[in-house]
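Each remark here refers to the structure printed beneath this line.
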Amino acid sequence: MNNYLAKHQFPEDLKTMSYDELELLTYEIRDFLVEEVSKTGGHLASNLGIVELTAALHRTFDSPTDKLIWDVGHQTYVHKILTGRMEQFETLRQMEGLSGFPKTWESEHDIFNTGHSSTSISLGLGMATARDIAGEDYRVVSIIGDGAMTGGMAFEAMNNAAALKSNMIVVLNDNGMSISKNTGGFSKYLGKLRSSGKYISMKEQIKKNVSRVPLIGEGVVAGMQHTRDFIKYAVIDGALFEELGFKYFGPVDGHNIKELCETFTLAKNIKGPVLIHAITQKGKGYSKAEEKPDQFHGIGPFYMETGLPRKAPGAKSYSQVFGDKLLDMASHDKRIVAVGAAMLEGTGLAPFHKKFPERTFDVGIAESHAITFAAGLAKAGMKPFVAIYSTFLQRSYDQIMEDVCLQDLPVVFCIDRAGIVGADGETHHGIYDLSYLRHIPNLTVIAPRDGSQLKAMMEFAVSLGHPCAIRYPRAAAYDPGQETKLHMGEAQKLREGSDLEIWSVGAMAEKAVKAADLLAKKNIDVSVIDMTFVKPLDTKRLRRSVAKYPLIVTLEDNILEGGAGEAINALLVNDPVKVVNIGWPNDFIEHGTSEELYQKYGMDAESIAERILQELEG
């Protein structure tokens, strides 16, 4: 398998291959993708859908001289295959292996380290402007999905591009989805363009009519391929893009390499910004992914024949516990509503949406809007729960502060994937949220240690009447089956001990208890406290601990700077007690399994126990 793929030198050979050879190549690439991703896991459906588009880009443009900038970047597996990294795919998303996103340190063809949505047009415009100032001559191409186009930053960039008039190309990869199916006005607009069929029919009609002219017809058609007049047939829809200052081409068939190459070649000769609207099918070529593109957007290792995961499903995840509990709460309270940002399935809101579609709002990849939208809901008497991954919540910092907390509105932030997340790496780890939330006035910040406590925290948050953030990890949620009652600012003791005390945040309690068990074998008696509240701190219990223990250890799945440990340091700065903080360094943490990363950075139970021993002996 893949002999045809392996014998070529890419991207150079793409420029001399026939279209028949290129079509054969696409089959090889898809076979290779399914085979490799089935072993490692990764973003499959989006990459299967962009094979022809990627091949056409590398055939038409001269990377890395020409700059190909990928929005988000999870769809760059084909780009990596075609830029000399095929042999590394067995290490995809493995520690010290190939990243699942563009990385400038991997290849000169990776122009920018991306991972979050809606940035590529801004990046491309900046590079095109710098090119013009420097008097250089290369092309800039931003590849963005229709899901990413729901992010306001994409339109801010397009608005600016119209003013600057720099030569740049935007390729809109339209498959009708981000992770979930796209919603909203822009999605409907693209749907109309998608279904119009005018582009193909008008193109063929022009060719047909002109070619009938005796003696000169065929020559005129050939010559028109390179004239601005001929490409005007493309500007038949896309009025929105035209009004924003872009020459619009499309829609074009995103799985027809010849048509894509012709369109890209024409666009290269146009002055000013150009947008090419390509229609693709997410999951194309693998029936399981075609049927369920959302499930194969990001997937763990699976069996190719069935599409089923290699790893048997375990206990419910925190996301599932959250979704089930919210469904139950909403059944008893009609004012509870759910807000998501293109992640209803990932955050556990799909069942809620199915039962309460009129109380579920998927705003698309627009986290800033999601927060202010929720503020409006709360101001008008609703009880909004906003479920967003920690890494994406970063994009709405100002809205959290100004539109929710300044107004002291009862919005509940349900922060999924908090802490380390594993194989997606630097751009997706949620290890900064405590640091950017803890100092905001009016905001209560809590973290559950298990599924039962998460449910209790949701009841607490909705009854609070003020802003509240609940952060929980990407992990299985142990559920002891008994919801503990929460009281504002009160920590909970998990283990009694006489020699020292560990204060842990959220699910890190499990590692704290295991570390205490290891130390008990060395006759060191450790008390373990579940902080429960990162803000406000349980200052009364801390004062009692200072009087009893010479050493307090804090443990959190967050960077140390600005985290829970630093809050305790500040409180106890004048007290005669030693405080040791254990958490992530102030750095961008690479990809790898969560277990590997905890071990490498000294945050697994064994490393925690060893660190405590060193402190006691030092």
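The values are calculated or read from the model by the stated rules, or taken from the named source; none is laboratory data. What you see is a predicted model; the values in this text were computed from it and never measured. Counting neighbours? That spans all protein chains shown, and the Cβs are built from the backbone with ideal geometry, glycine included. The protein model used for the area step is the full one, side chains on, heavy atoms only, and it has no ligands, DNA or RNA in it. Shrake-Rupley method; radii C 1.70, N 1.55, O 1.52, S 1.80 Å.
Quick notes on this one:
- Within the range 82-98, being under 16 Å from His109 (Cα atoms) and open to solvent by less than 50 Å² (accessible area, probe 1.4 Å) holds for Leu82, Thr83, Arg85, Met86, Leu98.
- Residues of the range 396-412 classified as open to solvent by less than 10 Å² (accessible area, probe 1.4 Å) and in a loop (DSSP other than H, G, I, E, B), total: 1
- The sole residue among Asn159, Asn167 that is surrounded by fewer than 17 Cβ atoms within 10 Å (Cβ to Cβ) and at negative phi is Asn159.
- The helices (runs of 4 or more DSSP H) located wholly in the range 526-618 that include 2 or more residues which are closer than 30 Å to Glu90 by Cα and touching a residue at least 60 places away in the same chain (Cβ under 8 Å) occupy 594-600, 605-617.
- Looking only at the range 334-370, residues that are hydroxyl-bearing (Ser, Thr, Tyr) and farther than 18 Å from Ala148 by Cβ come to 2 in all.
- Residue within the range 36-47 that is in a loop (DSSP other than H, G, I, E, B), surrounded by fewer than 24 Cβ atoms within 10 Å (Cβ to Cβ), at pLDDT 95 or above and hydrophobic (A, V, I, L, M, F, W, C) present: no
- The range 438-460, residues that are part of a loop (DSSP other than H, G, I, E, B), closer than 23 Å to Leu409 by Cα and open to solvent by 10 Å² or more (accessible area, probe 1.4 Å): Arg438, His439, Pro441, Asn442
- Residue in the range 132-141 that is closer than 23 Å to Val363 by Cα and out of contact with any Gly (no Cβ under 7 Å at 6 or more places or on another chain) present: no
- Screening the range 54-71 for residues that are among the hydrophobic types (A, V, I, L, M, F, W, C) and crowded, with 24+ Cβ neighbours inside 10 Å and picking the one that is nearest to the chain's Cα centre (by Cα) gives Trp70.
- Out of Ser463, Ser435, sole residue that is out of contact with any helix residue (DSSP H, G or I) (no Cβ under 8 Å at 6 or more places or on another chain), farther than 30 Å from Asp587 by Cα, of a type in the set (Ser, Thr, Tyr) and surrounded by fewer than 24 Cβ atoms within 10 Å (Cβ to Cβ): Ser463
- Residues that are part of a helix (DSSP H, G or I) and of a type in the set (A, V, I, L, M), drawn from the range 260-290: Leu260, Leu266, Ala267, Ala289
- Only a single item in (1) modelled with pLDDT of 95 or more; (2) surrounded by 19 or more Cβ atoms within 10 Å (Cβ to Cβ) is not met by Met343, and it is number (1).
- Checklist (1) closer than 25 Å to Ile552 by Cα; (2) touching a His at 6+ places or on another chain (Cβ under 8 Å); (3) not polar (S, T, N, Q) applied to Arg471, failing item: (2)
- Some residue of the range 307-324 being in contact with a Gly (Cβ under 7 Å, 6 or more places away or on another chain), under 30 Å from Tyr77 (Cα atoms), touching a residue at least 24 places away in the same chain (Cβ under 8 Å) and of a type in the set (S, T, N, Q): yes
- Being basic (Lys, Arg), farther than 23 Å from Gly489 by Cβ and more than 23 Å from the chain's Cα centre (by Cα) holds for only one residue in Lys600, Lys548, and it is Lys600.
- Criterion applied to Lys198, Lys165 was being basic (Lys, Arg) and either at pLDDT 55 or above or touching a His at 6+ places or on another chain (Cβ under 6 Å) (or both), and the one residue passing it is Lys165.
- So Ser120, is it open to solvent by less than 10 Å² (accessible area, probe 1.4 Å), among the hydroxyl-bearing types (Ser, Thr, Tyr) and within 17 Å of Ala423 (Cα to Cα): no
- The set of residues in the range 349-383 being open to solvent by less than 20 Å² (accessible area, probe 1.4 Å) and closer than 26 Å to Met401 by Cβ consists of Leu349, Thr360, Gly364, Ala366, Glu367, Ala370, Ile371, Ala374, Ala375, Ala378.
- Criterion applied to Lys511, Lys522 was being in contact (Cβ under 8 Å) with a residue 60 or more places away in the chain and surrounded by 16 or more Cβ atoms within 10 Å (Cβ to Cβ), and the one residue passing it is Lys511.
- Looking across the range 80-106 at every residue that is among the aromatic types (Phe, Trp, Tyr) and part of a loop (DSSP other than H, G, I, E, B), the one that is nearest to the chain's Cα centre (by Cα) is identified as Phe101.
- Tallying residues that are assigned to a loop (DSSP other than H, G, I, E, B), within 15 Å of Lys383 (Cα to Cα) and not acidic (Asp, Glu) within the range 326-350 yields 2.
- Some residue of the range 413-426 being outside any strand (DSSP E or B), open to solvent by less than 10 Å² (accessible area, probe 1.4 Å), touching a Gly at 6+ places or on another chain (Cβ under 7 Å) and farther than 20 Å from Tyr389 by Cβ: no
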